[in-house]
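Colleague: Mind having a look at this structure? Questions to follow.
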């Protein structure tokens, strides 16, 4: 049985692929995705845990060790070896960060080569408070001639738990 070829020819040409619609979609979609993408800057601070030591040192061997203790009702600035250098009770609006900044700038003038500090927190201190205190400990901002001047204070920060209050106060 032979088949006849009279019915016509098959289309021997290949059809072209029309990608115009796809390209139009990409031209609109790519800029839209780039505009709506959230570009976030991740800042990481390297923190250390303060070392505990039960050894007693001779008074002439003791070096200044800055400690900022954040309590529910106040912020205390002190030296681990000497004791408290300043207590800043909370105001009605919250912690007194400005007084803390002034005290830290004063300490930096007394110890210009000192770069480390320990921040000790009581339990249940909000994270935002920790960040605010860390910002004040790391950098001092002063306004001069309508511009803000940032000065490094104590950028090497250690974080730990605050000791229990003396006398149950």
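What follows draws every value from the coordinates through simple rules; no lab data is involved. In this text the structure is predicted, and so the values were computed from the model without any measurement. Methodologically, a virtual Cβ is constructed for each residue, glycine included, from the backbone with ideal geometry; neighbour enumeration extends over all protein chains shown.
Colleague: Pulled fully out, how much extra length does the chain show between residue 93 and residue 13, if you take 0.36 nm times their separation in residues and subtract their Cα-Cα distance? Walk me through the numbers on the way to the answer.
Modeller: Numbers: separation 80, 0.36 × 80 = 28.80 nm, distance 8.09 nm.
20.7 nm is the gain from fully extending residue 93 to residue 13.
Colleague: Oh, and also: Could you work out the pair-distance distribution P(r) of the range 64-163 from its alpha-carbon pairs, with 5 angstrom bin width and percents rounded to whole numbers?
Modeller: Over the range 64-163, the share of Cα pairs per 5 Å bin runs 3, 13, 25, 27, 18, 9, 4, 1, 0 percent.
Colleague: For the range 99-155, what size does the Cα cloud have along each of its three principal axes, sorted from largest down, in whole Å?
Modeller: 40, 26, 18
Colleague: Using alpha-carbon positions, what is the distance between the centroids of the range 68-131 and the range 19-39, in Å?
Modeller: About 51 Å separates the Cα centre of the range 68-131 from the one of the range 19-39.
Colleague: Additional query: Going highest first, how would you order 126-135, 98-107, 140-149 by mean Cβ packing within 10 Å?
Modeller: Averaged packing, sorted descending, gives the order 98-107, 126-135, 140-149.
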